[in-house]
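Heads up: the structure comes next, in structure tokens.
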Amino acid sequence: MEKKRRFPKIFTGWWTVISGGIIALWGHGFHTYGFSALFKPISSDLGFGRAVTSVAASIGRFEGGFEAPIVGWVTDRFGPRWIVIFGIFLISLGLILMNYIDSLWAFYLVWGVMVGTGVNVALSLPWDVTISNWFVKKRGVALSTRMVFSGLSGVLVLPLVAWLITVRDWRETCVIGGVVMALVGLPLAWFFLKPRRPEYYGLLPDGATTEEEATEESQMIEKGIAYAAEVEEVEFTVRQAFRAPAYWILIITNACHSLAQPAISIHGIPFLTDLGIDEIRAAGMMAMLIFAGIPLRFIGGFTADRIRKNQLRFIMGAAYLLQAGAFAIYLLNQTTPMIYIWFILYGIGQGAGMGLMAPMRARYFGRKAFGSIAGFSRLLMTPVGIAAPIYLGWVHDTTGSYIDAFKVVAILIAVSGIIAFFIVPPKPPARIGDIREII
């Protein structure tokens, strides 16, 4: 008689979610959020202005735009494992090399090129592709779970970075970040990041079961396609996505909204310390903003799994309008107590929006070319990603304040919220080809 398992077997896809979340927790904690804590110490130590210091972040965004289509295609075609391992290696090496920089060109090369490339390659798109392949009906929950880990990086790792800077210095802090990234990230990526869809391993997405056992790989793939069709998911190629108006409206929406991210993640702590708030408290306020959005990241993904895809646009639009309103609340009454209200409301709106983006793209355009479609989207949004942090730094350098820049950010977020209501799901393509037909 066969013994029953003492503990139920966990679906392989969830190990991917957890391992990707842990890597994102540390990587985004040092790069995406930690740069705000590192910003003024680096600027002061090396004698850079804020616009000049911001260029390092823009270099990563510039590269990311051109790297994203390649990373997306490679992930769709060959799987994510090796490209993620390469990215983790670059992040680790770059953070360690930050200990030795003493010039502007070295700073741009190490932080902008090396660390920026590593983050672009290792922390985002390949994991989204893999999770979107391994989950269909539970995709929103799976993607949002990884995003919760990313959000926790701002709650747990950002204050740690700020504290390490005060007890050590910014150079040793970066070295610690690089060493931990290598020791933790490389084994997790190697053991838990699967190269292909679950159907290739005899499994269905979500850990679903099938009454009839498939004996051939092609039969399993067909079962996976039929399973995804139950939630109106259709496989688009990149060219077919390009022909859909929804693809371009989604890009415009994201482009208008993306100016807000560096306003908070890069210039947030400098803005707060300019007001006389000490760095540890400023990091805590940033952590509060991020923490406010963490439940909404999960709720957004949970909701995305349970409503018709035509309704996703309304939730996204409402989330973006809430973020714009949060900026407006502070701009109309610029006091320290109002910063807390601004940050909490913005965090809630940001969390809800982030929990919807990847599930919405997958629900609209399917799994097989997810990486390539998302990669080309990031390429087309590159100009905004480059200009945003530099613009905010330039406004501060020329006016001594971020207020004028915040006004522009608020207006553009509001515009993105209104446009989001018009992202109608695309009609299924006239011809649906083999899953290996990506372009």
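Every read-out reported here was derived from the displayed coordinates using simple, explicitly stated rules and does not represent laboratory data. From a predicted model like this one, the values you see are computed outputs, not experimental measurements. Quick reminder, even Gly has a Cβ in these numbers, built from the backbone with ideal geometry, and neighbours come from all protein chains shown.
Summary table below
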| item | result |
| --- | --- |
| Radius of gyration and Dmax over the Cα atoms of the chain, both given in Å | 21.5, 78 |
| At R0 = 45 Å, FRET efficiency that the Cβ-Cβ distance of ARG171 and GLU217 yields, to 0.05 | 0.30 |
| Three principal axis lengths of region 149-235 [C-alpha, angstrom, descending] | 61, 26, 21 |
| Loop-resident sites, region 29-117, for trypsin sites (Lys or Arg not before Pro), counting at most 11 other Cβ within 10 Å (DSSP) | none |
| Length released on extending from PHE66 to THR399, taking residue separation times 0.36 nm less the Cα-Cα span | 116.6 nm |
| The chain: angle of helix 34-46 to the longest principal axis, Cα-based, in degrees nearest 10 | 40 degrees |
| Rounded tilt (10° steps) of 312-332 against the dominant C-alpha axis of the chain | 10 degrees |
| Estimated Rh, region 351-439: Kirkwood, alpha-carbon pairs, angstrom | 16.1 Å |
| Residue-wise HN-Hα coupling along region 52-61, computed from phi with Karplus coefficients 6.51, -1.76, 1.60 (Hz; x: Gly, Pro) | 5, 5, 5, 4, 4, 5, 5, 4, x, 5 |
| Kirkwood hydrodynamic radius of region 1-103, Cα pairs, Å | 16.9 Å |
| Among the listed pairs LYS309/LYS407; LYS138/LYS194; LYS137/LYS223; LYS194/LYS309, those beyond 22 Å (Cα-Cα) | LYS309/LYS407; LYS194/LYS309 |
| Of the GluC sites (Glu not before Pro) in region 181-256, those whose Cβ has at most 10 other Cβ within 10 Å and which sit in DSSP loop | GLU211, GLU212, GLU213, GLU216, GLU230 |
| Extension gain from LEU93 to PHE78, taking 0.36 nm per residue of separation minus the Cα-Cα distance | 2.9 nm |
| The chain: relative contact order as a whole-number percent, Cα under 8 Å and 6+ apart | 28 percent |
| Quotient of C-alpha Rg and 2.2 N^0.38 Å, computed over region 325-388 | 1.55 |
| Separation of alpha-carbon centers, region 340-367 and region 253-284, rounded to whole Å | 18 Å |
| Helix axis angle, 382-399 relative to the chain longest principal axis, alpha carbon, degrees | 20 degrees |
| Cleavage-rule hits (trypsin sites (Lys or Arg not before Pro)) in region 200-283: DSSP loop, at most 15 neighbouring Cβ within 10 angstrom | ARG243 |
| Part-to-part distance (alpha-carbon centres) for region 116-135 and region 24-41, which is given in Å | 19 Å |
| Kirkwood hydrodynamic radius over Cα pairs of region 275-425, then Stokes diffusion coefficient at 20 °C and 1.002 mPa s, in µm²/s | 127 µm²/s |
| The chain - charge dipole about Cα centre, Lys and Arg +1 at Cβ, Asp and Glu -1, debye rounded to 20 | 800 debye |
